[in-house]
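Q: My questions will all concern the structure given below.
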There are 2 protein chains.
Amino acid sequence: MNKEKVLNFELNCPIPINQYERVLLAHGGGGKLTNQLIEKMFFQTFDNELLRKEHDGAVINIGDKKIAFSTDSFVVNPIFFPGGDIGDLAVNGTVNDIVCCGAKPLYISLAFIIEEGLLMEELWRVVQSINKAAEKAGVKIVTGDTKVVDKGKGDKIYINTTGIGEVYPGVNISPANCMAGDVIIINGKIADHGIAIISKREGLAFETEIKSDTAALNKMMEDVYKNSKEVHVVRDPTRGGLASSLNEISKSANLGITLFEEDLPVSEDVKGACELLGFDPLYVANEGKMLVFVPENEAEKVLEIMKSNEYGKESTIIGKVTKNDPGIVKLKTTIGSTRIVDMISGEQLPRIC
Amino acid sequence: MNKEKVLNFELNCPIPINQYERVLLAHGGGGKLTNQLIEKMFFQTFDNELLRKEHDGAVINIGDKKIAFSTDSFVVNPIFFPGGDIGDLAVNGTVNDIVCCGAKPLYISLAFIIEEGLLMEELWRVVQSINKAAEKAGVKIVTGDTKVVDKGKGDKIYINTTGIGEVYPGVNISPANCMAGDVIIINGKIADHGIAIISKREGLAFETEIKSDTAALNKMMEDVYKNSKEVHVVRDPTRGGLASSLNEISKSANLGITLFEEDLPVSEDVKGACELLGFDPLYVANEGKMLVFVPENEAEKVLEIMKSNEYGKESTIIGKVTKNDPGIVKLKTTIGSTRIVDMISGEQLPRIC
């Protein structure tokens, strides 16, 4: 670029060009750089009240109905991994994003970007897996698109799913609804998905095979939504893990969050793998977990409902929302100290979903 | 694959593995192979009545409203080309698909798959172009997703847009509604988009620069839908060109289509480029054209409405629907002979949108 162009561009471009001349992997990692790109470039450009809600999706009014609308592209590598594949991941991921808007997922669109040379058998396996996942979740695939790119311009297959759901009457989920005193429930062990992917990708073998937790949580959450109108925030801690999701919520709500380390469910295998690989499980992606924020007096009821679902048996309270330390997530460690759980700045695990 | 696996797979996989062991570029070209993949693998697996309509999108009932829902991924190469870029193309393409369902486009989701190393300046140009196109079309971008893939696993940027629109009251558009006697209107010259892309990609220079016709046609079609309840089919002849769209419609409706060569609008520049490159303009992609099927007695009115729009000034009747030759598209040539315009079988122009 010549000098004038640089100047012109810098006047306009919200991302400092001298700092980031090119897009980095970390811009897609779910941490600070992703947030900077989304906030400064996308939100400021496409500014509108629906986008501003900072949900996992948008809630729009159609006639007298409230409709949730959410999109996700899946670029996971490898496409087949213990516990799932890019197909069921793509269905479950979008189903869960619709659920996070307080809605019942109904319809899904499906768009493939296939790299020339993909084995037809692999495509067929993915298609069958998508169908099985959609049937299990009770959603219909109603429209789609297929593109093929030249060899070396993709990586086997990328999938976009976009979902439509109907918001449950009386349910109003938003990070802004988070209140001091809310307790935070999670439906089971963290970090399984990310560790399953990285193990498969790197060819690591642990004593027990660690499986992705990919699952559609709409039925579990339907029971919650139908029986409690006091659910404040629901979020699936995927890319960037528990730490990133909680940081986003605490910043949106301008409240503090305290986690109790001893209550955090992590399997021994995942703990071991994280130690070996140098990962913090708080930052590792989940694909079958929900964070549910409810007032303390509602917690027992919601916990019981969640526990009665196949994906919620290990549901437990892991933290609470505080007035103190707005925008900050803290961890009370098992030895009694407190540390700040910041948003990750770089790229921990690329192409995890 | 071992013998048993091949056998098992062949029993199940709807695409003959001995014929196509791997996905080819042509499976994404919009012709026969694309149709085979979509019909035999996707439709048969995800079978449901909404998918079966073979629309550019699905029409679903939400409360007392009919909602159009359509998805498209854009992988065009190069991402900047005369007349547009991947950004406005992604907005206009999905807007037009919603329009083809007889609906007013309202909301769009936006999902990026960015190749690591994309210049931040290029991303910023694309984002601004998306915003300008959305503002011009009057649609809101309400939710999104950003993924970054490693260098060499993408090609600068791929974009998925998925749209939601509200079907105009009393309007019912479907290939199945096509009737013998319908005339076919198009809103201007064909093949501009495909030739603009290929010229830029191959570094060809023609006397005049050929520009893509990318445009959002929702306002032109809104005027049509509000003033005529007798529009039967609306289709944007993108990938695979006029020939592929008309073949799909004639097969869906089980009726014949006759085109009149002398009425087909093609610019002299595009004609020249097609001759030079060995392309048939009937198979070259458009991104700002609509095929509108109406009964003959409604044609004058609809033509006038279309002509009053900035993108419809050159609207003209190019053919008619016949009872004879069901499923076949014929061209009456200027010299008086008739030839069959078949669906393309291979790949004419990969990554055109």
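Taken together, the values in this text are just the output of simple stated rules run on the coordinates, not laboratory data. Keep in mind that this is a model prediction, so the values were computed, not measured. Positions of Cβ are generated from backbone atoms using ideal geometry, with glycine treated the same way; all protein chains shown enter the neighbour counts.
Q: Which value, in debye to the nearest 20, gives the size of the charge dipole of the protein assembly as shown about its Cα centre, when Lys and Arg are +1 and Asp and Glu are -1 at the Cβ?
A: Using only the charged Cβ atoms, the result is roughly 440 debye.
Q: With 32 Å as the cut-off, how large is the P(r) tail for the protein assembly as shown, expressed as percent of Cα-Cα pairs?
A: Distances greater than 32 Å cover 51 percent of the Cα pairs.
Q: If you don't mind, another one. Between A:T333 and B:R52, take the C-beta separation as r, use R0 = 60 Å, and let me know the FRET efficiency to the nearest 0.05.
A: Result of the calculation: an efficiency of 0.60.
Q: For the protein assembly as shown, what is the calculated [θ] at 222 nm in deg cm²/dmol (nearest 500), taking -39500 (n - 2.57) for each run of four or more DSSP H residues and dividing by its residue count?
A: Computed mean residue ellipticity for the protein assembly as shown: -9000 deg cm²/dmol.
Q: Considering only DSSP beta bridges where both residues belong to the stretch B:57-167, give the percentage that are antiparallel (nearest 5).
A: Beta bridges within the stretch B:57-167, antiparallel portion: roughly 75 percent.
Q: Tally Lys/Arg at +1 and Asp/Glu at -1 over every other residue whose Cβ is under 12 Å from the Cβ of A:G63; what's the total?
A: 0
Q: Run the quick spin-label model on A:A180 and A:E230: label points 7 Å from Cα toward the beta carbon, then report their separation in nm to one decimal.
A: About 1.8 nm separates the two model spin labels.
Q: First select every other residue whose beta carbon is under 10 angstrom from the beta carbon of A:D97; then total the charges, Lys and Arg +1, Asp and Glu -1.
A: Around A:D97, the charge tally is -3.
Q: Roughly how many debye, to the nearest 20, is the charge dipole of chain A about its Cα centre, given +1 on each Lys and Arg Cβ, -1 on each Asp and Glu Cβ, and no other charges?
A: 540
Q: Excluding B:T45 itself, what net charge comes from residues whose Cβ is under 12 Å from its Cβ, given Lys and Arg +1 and Asp and Glu -1?
A: Counting the neighbours of B:T45, the net charge comes to 0.
Q: Find how many whole Å separate the alpha carbon centroid of the stretch A:214-245 from the alpha carbon centroid of the stretch B:304-353.
A: If you average the Cα positions of each part, the centres end up 50 Å apart.
Q: Also, I was wondering about something else. Put +1 on the Cβ of each Lys and Arg and -1 on the Cβ of each Asp and Glu in the stretch A:169-221; which of A:P169, A:A205, A:I184 then has its Cα farthest toward the positive end of the dipole?
A: A:P169
Q: Here is a follow-up. Which listed residue (A:G327, A:L217, A:S228) has the Cα farthest towards the positive end of the charge dipole for the stretch A:175-340, taking +1 on Lys and Arg C-beta and -1 on Asp and Glu C-beta about the Cα centre?
A: Farthest towards the positive end: A:G327.
Q: Of the beta bridges DSSP finds with both residues in the protein assembly as shown, what % are antiparallel, to the nearest 5?
A: Bridges in the protein assembly as shown are about 80 percent antiparallel.
Q: Among B:D56, B:D263, B:D192, whose mean-square fluctuation peaks in a Gaussian network model of chain B (Cα, cutoff 10 Å)?
A: Sorting by GNM fluctuation, first place goes to B:D263.
Q: Which of the residue pairs A:K200/B:K40; A:K32/A:K104; B:K104/B:K229; A:K226/A:K332; B:K66/B:K289; B:K226/B:K307 have a Cα-Cα distance greater than 22 Å in the structure shown?
A: From A:K200/B:K40; A:K32/A:K104; B:K104/B:K229; A:K226/A:K332; B:K66/B:K289; B:K226/B:K307, over 22 Å: A:K200/B:K40; A:K32/A:K104; A:K226/A:K332; B:K66/B:K289.
Q: Take every residue in peptide B:37-49, count the Cβ atoms of other chains within 10 Å of its Cβ, and give the average of those counts.
A: Going residue by residue through B:37-49 and averaging, the value is 4.
Q: Go through B:F81, B:T71, B:I98 and say which Cα lies farthest out towards the positive end of the charge dipole of the stretch B:57-167; charges sit on Cβ, +1 for Lys and Arg, -1 for Asp and Glu.
A: Final value for the positive-end residue is B:I98.
Q: Among DSSP bridges having both ends in chain A, what percentage is antiparallel? Round to the nearest 5.
A: 75
Q: Follow-up. Just tell me the longest site-free run in chain B, where the sites are GluC sites (Glu not before Pro) in a DSSP loop having at most 10 other beta-carbon atoms within 10 Å.
A: B:1-206
Q: Next question, about the same structure. Whole angstrom only: what separates the Cα centroid of the stretch B:29-95 from the Cα centroid of the stretch B:180-200?
A: Between the Cα centre of the stretch B:29-95 and that of the stretch B:180-200, the gap is 18 Å.
Q: Give me the base-10 log of I(q)/I(0) for chain B at each q in 0.10 Å⁻¹, Debye formula, one uniform scatterer per Cα, rounded to two decimals.
A: With no solvent term, the Cα-only Debye profile gives -0.61.
Q: What are the residues whose amide H is under 5 Å from the amide H of A:A180, where those residues sit 5 or more places off or on another chain and H is modelled from the backbone?
A: When sequence neighbours closer than 5 places are left aside, there are no close amide H contacts.
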